[in-house]
Every structure is written in C-alpha cells, then in structure tokens.
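The values are calculated or read from the model by the stated rules, or taken from the named source; none is laboratory data. Everything quoted here is computed from the prediction, not taken from an experiment. Cβ atoms come from the backbone with ideal geometry, glycine included; neighbour counts cover every protein chain shown. Protein only, heavy atoms only, side chains kept; ligands, DNA and RNA dropped before computing areas. Shrake-Rupley method; radii C 1.70, N 1.55, O 1.52, S 1.80 Å.
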Amino acid sequence: MSIWAFALIAVLFAVGSYLLMERSLTRVALGVGVIGNGVNVLIIASGSDAGEAPIIGREGVLADPLPQALVLTAIVIGFALLTFLMTLAWRNWTITGNDEVEDDVEDRMITRRAEQTEKLGDVPHPEDVQT
Amino acid sequence: MSSLVALPILIPLVAAALMLVVRNLFAQRAISFAALLSSLATATAVLVDVWNTGDIAVSRLGGWPGSFAITLVSDGLSSVLVVVALVVTATVLLFAVGQQTPDEHSPYYHPVYMALVAGISQAFLAGDLFNLFVAFEVLLMASYVLLTLEGNREQIRSGTTYVVLNIIESVVLVMAVGLIFAATGTVSFAELPERIAALPDGVRMGLHLLLLIAFGIKAAVFPLFSWLPDSYPTAPSSASAVFAGLLTKVGVYCLIRVQTLLFPGELSNLVMVVGVSTMAIGVLGAISQHDMKRILSFHIISQIGYMVFGLGIGGAVAIAATIFYLIHHIPVKTSLFLVEGIIERNTGSSSLDDVSGLARKSPLLAVLFLIPAMSLAGFPPLSGFLAKFALVRGGLSAEQYIGVGVAIVVSLLTLVSMVKIWVGAFWGEVAPSSLNNSGGVLRQHRSMASATAILVGFTLVIAVAAGPLYEFATRASDQLLDIERYISAVRSAS
Amino acid sequence: MIKSKILEELIDRWLTKVGTLVAIFITFRGHNAPGGGFAGGLILGAVFVLQYLAGQQPTIRRKPILNPERLLGFGLLLALVTTAAPLFVGGAPLESYIWSITLPQIGKVKIVSSTFFDFGVFFVVVAVVLLVLTFLGTRGGAISHEPTDGVG
C-alpha cells in the first residue's frame, strides 16, 4: 500500500477534526463528511491489496470484496448522517437565526450556584435560599 | 429454533416500513403493539430453548456456508437481554401512548421507535463486528430522531451535542472494525479470537483500545460520559426512559463481548479503574444536580460503573454478577424515568424547586418511585441489593478491596441523592405551581401509570425470581468464558 | 436556479428520460454485473436533483399516491418481505431463489428473488433523495411543529 494513501488519510483526518471543533453546525457537518471519507480510504487502503474488480468472469488477482462492501455500507450510513446533520442545522437556523451550537443553560446555572456557595460560605445552601 | 433468532429484528423493521405507508395514528399504535408482542413471543421462545438446553442458537442469513454468512448468535446473555429489552420497550410504548404528547402524534414516532427496537435487538444478536456497527448506526439514527422530534430550541441544542459525539464514536468504531479486518482478515466473532491471539502484542493492544473507546463512549464510562447528562434530560420522557434503560446497556453489552470473547482478560486493570472512577464521578454529579431528570441521568453513569467494575474483575463469579446487574438495572432505571415522566406530566416541571408534596397527593405514585429508587440504592430484599451483593462478593473473592469499598460508599451516596428527590418532590406541602391540584394523579394518567406499574412489577419479579435468574446468569457467564463453545456452535450451525 | 432556457429544455426533454432508462437498466443488470438497486436509485435520484436545479419540481411529486414517504415505506416493505419470505418455506432469511421460465417470443428468462430486494432498495434511495429535496430544498413546510419559543 502506498505512502500517499496514508498521507491522504492523515490530511482528511486533520481537516475533519479541525472542522468538528467549529461551533457552526454547517462546518461540523462538513467535518463529519471529510472525516468519514478519511475512514473509508483507511479501510480500503489497509484492508485489501490492489487487484482486478472482484466480478465473476474476471481473470487475474482479484481484490478482496469485503472491505469494499464495508466501505459501501459506511458511505450509505455517512450519507444519512450528513442529511440529518444538515436538517438539524437548518432547524437551528430557523429557530435562532444562526447555525451555532448553544451553551447548556442548566449547566451554567449549576456552576453559578457553586460559585455562589463558595463566595457566601457554607451557611446559605442554595436549596434553602430558593424555597 | 435457529429460524426464530432473526425475528426480533425483522418484525419491528417490517412494522416500521408498514407504518410509513399506513399513517393513521390508531392503526400505527396497533401495529406497534402487535409487532412488539410478537417479537417478545419469539424472543421468549428462543430464551426458553437456550435456558433448557444450554445451547447457543445460531441463524445464518442468506443460508451461505462457512464464514460468508452474516450470522446472528443468541447465547444465554444475548437471548435474555433481547427479552428484557422487548419487555421494557413494550411498556414504554404503552406509557408514550398514554402521554398524549405532540411527538407521539407525529406520523414518524412509531416507525422510528420500531427502528430503535430493531437496532437494539440486532446489536444484542450480532455475530460479527460489522453487523454490530450497522446495528449501532440503526439504533443511533433512530435515537437522534426521537431526541429531536419536537424540534424545539432546547432539543436541537442538546441533540447537536449528542449527534456529534455519537458520530465520533461511530468513526472510531468503524475505524476499529476496518483495522481489525486489515490485521486479521475477518470480522466474524467466531473467527476473531484465534486470529487476534496470534497478533503481536502492540497491535493487539491498539485494536483493543480503539474498541474500548468506541464502546466506552456509548456506555458513558468515566472520561467519556459528558454527553449523557446533557442530552437525555431534554428528550421526551418516553424516549429518555428507553435511552436511559437500554442504549447505554448496549454499550456495556459490547464491552462484555470485547472483554470475554475478543480480548479475554486483557487490560482488565484499566477496565476496573475506569469502572471504579465511573461509579464515583457519576454519583458525585448526581448529588450536585437539582433537576430530577439530571439526577437520574448521572445515576445511569454511576450504575454503569458497577457493571464495568464487575467486568474488570473478570472470572465466572464477577461476570455472572455483572450479567445479573445488567438484567436488573434495565427495568429499574426505565421505571424511575417513567415515574419522573408522570410527575413532569402532572406538574409541568422536573425541577425539585417546583415540585413538592407528591406523597400526599398520590401515595401510590410515591410507592412506584420508592421501589425502584430503593432497588437502585441497593436495599434488601430488592433486586438491586442482590445485584450489588453478588458484585461485592465477586470483588472480595478477587481481593479488590479498594473497588469494593468505593462500591459500598457509592451505594450510600446513591441513597443520599434518592432521598434528595424524595424530600424535594414527595414530602412537604403541595406546591402551588402544580398545574393540577385536584388529586388522583394516577387516575388522570391511567395508561402511563399502568405502564409504570407493570415495569415496577417486573423489577419485583426479578427480585423474587433472583435464585433461578442468578443461576441462569452463572450459566450465561460460563458460556461467555468458554470461547471454544461459541466458536464451535457458530461453525457447526447449518 | 438555472436561468438558461436551453439547459432547461435539455434536462427536461433528454436527460430526464435517458437518465431514467439508465437507472432502470443498471438496476436490472445488478445481479451478476456491477449495478443494482442502490446504484440505480442514485442515478434516478441524480436525475431528480438535476430537475430541481433546473427550477422544476421533481416529477414524481405530481402524483399524490407516490409521495416520497409512502414510496420509502413501500420500498422498505418490499425489501423486508423479500428478506423474510424464505422463512415461510423453511429457508434462512435473505436466502435467494432462482426460477427460470420460458416466455413466448422472448425466450428463457431467469427470475431471481433477490431482484425484488433490489427494487426495494431502489425505491428507498429514490424516496430519500426526494425527501431531502422537498424538506431541505424548500423553505418551510418541512416540519409540522412550529418552534415553541421565539424566533431569535
């Protein structure tokens, strides 16, 4: 297997991971697509040696069809995932006007409560303050 | 018997397809129940057969010979988990129908729910790694849709985190499958153990770690759990009940397969440390939370820790305890989420600030909460006590005193946080903010209440039948540890 | 979207028909040669995407009985019934059977049961492409529930 295939995989993974870190959902979706392709190339590159297409009637050394079947399935699944992510991004856009992932409100409230307790000492427990 | 193995996957899928054509809500409900009950009947038939004969039922799709066929394998562990999963999904469906929420009225709810059931059954029955990956994708895709079906702001936000993290998990999993195929030339569970054993140590460890990370994200173990308490609470109650009860357990099931079949006994110290820290972190998170759904979500993590700990100890006793824990935990956790769903439906909130005095308003609801809550905390004579007792015994016999100590402390802390819900929601005056103060909470939500009661009854049955069930778990664990038997069962299947 | 009249004519008159024929051909030859329901479905899907890009509604929507969701369910049902059918005659799920019959004028024809599975996949793929076009390609009308909280 050639070194170039692995270079390609590395580039696809790097680009995909970078895009996954973005806050914008459209870029996350693109990242999923790119990283998915990276995985597909990885399976093809490591899974089988080059050869003739594995079809009845072909002569010579045939390539192993199983990794190709795996990759075909992975492509179909990736297609569905990408569609779903795009729908999510579209929905997010209709609600908030952008396609960015928001913060978790409940999580921030807990943090604030903890800070409050720290500041005020152990006497007024937040539960008692609120009831 | 082997021809029945595939039916718990096929029947729900056919039902899902049918319901995309038939879009009448009442017809959809009827089809869903019929599909679940008939799958349950076939799964029970397989379980009874496996129980009586001690054999492993194998079905070859397509009737191809050798390692060409896609195999479905139903050994003791798989068959019992499929039955438990179908019981839980059927009762949750009854609950969802009674809930009268907009998402159940959507024409997509029932088809997607059936796809989820098919994915869960397939994951338990899969006889090769790639089939397992496909099963994961089926159930994950269904869970994405169920989680975001209402499409409101909060669901989209948490849904995004959930979807992206699970996609990363899928990427790691498919990478692991691809690399394992590259290293060994097969993905079949029956061929893999021998070929993996022949690999060099470094390669073996790398592949093992990839699988552990993929399934660890799914099972929400210690460093990889943060998506769970964020996403489950925003799902509709019926969906989060199924997710809480079943989805993480699919991850645990896969970890069991990895640790017993593919990489028997390897990296068990790592697994044990992960299990112990998952227990502790999960319960500490639960104590700091102030919303019922979030407390319960953190409890899932903590309980997963127990199972992973048992798996890390290894050996017939501890693995039997883990299997028993798994069987007990699925209905208990689901019924807690269902009780929470009734509370949320009745009062309009799941925050402990807004809800109080439920014990006076509805004593029966209090009982329905108390039984699974005490079971989760490990009170005798409930099933949780037996599960924890078995696990502690396994830990002591393996001389893992630190882990056992942590397990006991965590069990006490679980009780503390359950008391927090009890004091906050059930004691005290009836809150003025409750939407509905006329009393008779359960009478208003008859089918939700009966679904919850059925499930709580199921947990009691597990406690009563603990003797034979534990014996079965022991046999299932012997079966798991006897890899040769699995291989020969798959190879000799016709 | 595409403003040119010539392109529109070309797509409507030629590419649609040729593409559909190619899709059907590919679907049928899929048993022993490269092709099959998935590839055929994708080609027909590409035809619909072309129609969409040319600013037209994909034609299949004009017939209400063939709305994409029903088509999806029908295709899935066809594939799954083919999967389950061998169970009733004592085979394994997904097992395939070959019948060969002699038709007048045409001669000997081989019918393989897995062809029906391919048809099912074909319909599913086409339906998914149409669903994507109708739900994501148009503004609004895709999700029945309106947002519960304010549009920011």
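Residues of the stretch A:28-60 that are assigned to a helix (DSSP H, G or I) and farther than 30 Å from A:Thr87 by Cβ: A:Ala45, A:Ser46, A:Gly47.
For the stretch B:271-291, give me the residue count where each residue is aliphatic (A, V, I, L, M) and either free of Cβ contacts under 8 Å to residues at least 40 places away in the same chain or out of contact with any Gly (no Cβ under 9 Å at 6 or more places or on another chain) (or both).
Within the stretch B:271-291, the subset aliphatic (A, V, I, L, M) is B:271-274, B:276, B:279-281, B:283-284, B:286-287.
Now restrict to residues that are either free of Cβ contacts under 8 Å to residues at least 40 places away in the same chain or out of contact with any Gly (no Cβ under 9 Å at 6 or more places or on another chain) (or both): B:273, B:284, B:286-287.
Of the residues in that region, 4 qualify.
Return yes or no: is B:Thr148 without any contact (Cβ under 8 Å) to a residue 60 or more places away in the chain, among the hydroxyl-bearing types (Ser, Thr, Tyr) and within 12 Å of chain C (Cβ to nearest Cβ)? Even if it seems obvious, please write down each step before you answer.
Details: without any contact (Cβ under 8 Å) to a residue 60 or more places away in the chain: yes; among the hydroxyl-bearing types (Ser, Thr, Tyr): yes; within 12 Å of chain C (Cβ to nearest Cβ): yes.
When the stated conditions are applied, B:Thr148 passes them.
Within the span defined as the stretch B:110-133, one or more residues are touching a strand residue (DSSP E or B) at 6+ places or on another chain (Cβ under 8 Å), open to solvent by less than 10 Å² (accessible area, probe 1.4 Å) and not in a helix (DSSP H, G or I).
Let's see how each residue does on (1) within 14 Å of chain C (Cβ to nearest Cβ); (2) open to solvent by less than 10 Å² (accessible area, probe 1.4 Å); (3) not aromatic (Phe, Trp, Tyr):
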{"position": "B:Leu7", "(1), (2), (3)": "yes, no, yes"}
{"position": "B:Leu37", "(1), (2), (3)": "no, no, yes"}
{"position": "B:Ala41", "(1), (2), (3)": "no, no, yes"}
{"position": "B:Ile70", "(1), (2), (3)": "yes, no, yes"}
{"position": "B:Asp75", "(1), (2), (3)": "no, yes, yes"}
{"position": "B:Ala85", "(1), (2), (3)": "no, yes, yes"}
{"position": "B:Phe95", "(1), (2), (3)": "no, yes, no"}
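All conditions but one from (1) in contact (Cβ under 8 Å) with a residue 12 or more places away in the chain; (2) open to solvent by less than 10 Å² (accessible area, probe 1.4 Å) apply to B:Ile156; the one that does not is (1).
Quick one: count up the residues across the stretch B:312-346 that are assigned to a helix (DSSP H, G or I) and open to solvent by 10 Å² or more (accessible area, probe 1.4 Å). Residues flagged as assigned to a helix (DSSP H, G or I) and open to solvent by 10 Å² or more (accessible area, probe 1.4 Å) within the stretch B:312-346 amount to 6. On the stretch given as the stretch B:38-89, residues that are touching a residue at least 12 places away in the same chain (Cβ under 8 Å) and either in contact with a Lys or Arg (Cβ under 7 Å, 6 or more places away or on another chain) or outside any helix (DSSP H, G or I) (or both) total 15.
Contact annotation: residue pairs with Cβ atoms under 9 Å, 6 or more positions apart or on different chains, pairing a residue in the stretch A:1-26 that is more than 22 Å from A:Trp93 (Cβ to Cβ) with a partner that is acidic (Asp, Glu) and assigned to a loop (DSSP other than H, G, I, E, B), are A:Met1/A:Asp49. One residue stands out among those in the stretch B:159-169 that are open to solvent by less than 10 Å² (accessible area, probe 1.4 Å) and more than 7 Å from chain A (Cβ to nearest Cβ): the one that is nearest to B:Thr234 (Cα to Cα), which is B:Tyr162.
Considering the stretch C:81-116, the residues that are away from every other protein chain (no Cβ under 14 Å), among the β-branched types (Val, Ile, Thr) and without any contact (Cβ under 8 Å) to a residue 12 or more places away in the chain include one that is least open to solvent (accessible area, probe 1.4 Å), namely C:Val109. Could you tell me how many of the residues in the stretch A:51-98 are within 25 Å of B:Leu165 (Cα to Cα) and either of a type in the set (A, V, I, L, M, F, W, C) or more than 10 Å from every other protein chain (Cβ to nearest Cβ) (or both)? Number of matching residues: 19.
Here's a check for you: in the stretch B:17-35, which residue that is in contact (Cβ under 8 Å) with a residue 24 or more places away in the chain and more than 13 Å from chain C (Cβ to nearest Cβ) is least open to solvent (accessible area, probe 1.4 Å)?
In the first step, residues of the stretch B:17-35 are kept if they are in contact (Cβ under 8 Å) with a residue 24 or more places away in the chain; the result is B:17, B:19-20, B:23, B:25, B:28-29, B:31-33, B:35.
Remaining after also requiring more than 13 Å from chain C (Cβ to nearest Cβ): B:25, B:29, B:32-33.
Working: B:Leu25: 35, B:Arg29: 29, B:Ser32: 0, B:Phe33: 55 Å².
Per the criteria, the residue is B:Ser32.
Checking each residue in the stretch B:170-219 for being open to solvent by 40 Å² or more (accessible area, probe 1.4 Å), without any contact (Cβ under 8 Å) to a residue 60 or more places away in the chain and farther than 30 Å from A:Val28 by Cβ picks out B:Ala183, B:Gly185, B:Arg195, B:Ala197, B:Ala198, B:Pro200, B:Asp201, B:Gly202, B:Val203.
How about the stretch B:24-62: which of its residues are among the charged types (D, E, K, R) and touching a helix residue (DSSP H, G or I) at 6+ places or on another chain (Cβ under 6 Å)? Talk me through it step by step, then tell me what you get.
In the first step, residues of the stretch B:24-62 are kept if they are among the charged types (D, E, K, R); the result is B:29, B:49, B:55, B:60.
Hit for the stretch B:24-62 is B:Arg29, nothing else.
Might you check whether a residue that is more than 26 Å from B:His299 (Cβ to Cβ), among the small types (Gly, Ala, Ser) and at pLDDT 85 or above occurs anywhere in the stretch B:203-214? So far as the stretch B:203-214 goes, yes, one or more of its residues are more than 26 Å from B:His299 (Cβ to Cβ), among the small types (Gly, Ala, Ser) and at pLDDT 85 or above.
For the stretch B:189-236, what are the residues that are farther than 20 Å from B:Arg294 by Cα and assigned to a loop (DSSP other than H, G, I, E, B)? Give the steps one after another, and end with the answer.
Pass one, the stretch B:189-236, residues farther than 20 Å from B:Arg294 by Cα: B:189-216.
Scanning the stretch B:189-236 gives B:Phe189, B:Ala190, B:Glu191, B:Ala198, B:Leu199, B:Pro200.
Selection within the stretch C:3-48: residues that are outside any helix (DSSP H, G or I) and open to solvent by 80 Å² or more (accessible area, probe 1.4 Å). The member of this set that is modelled with the lowest pLDDT is C:Lys3. For the stretch A:32-51, a residue qualifies if it is farther than 15 Å from A:Ala74 by Cα and open to solvent by 40 Å² or more (accessible area, probe 1.4 Å), and the qualifying residues are A:Asp49, A:Ala50, A:Gly51.
Of the set (1) surrounded by fewer than 21 Cβ atoms within 10 Å (Cβ to Cβ); (2) not in a loop (DSSP other than H, G, I, E, B), all apply to B:Asp353 but (2).
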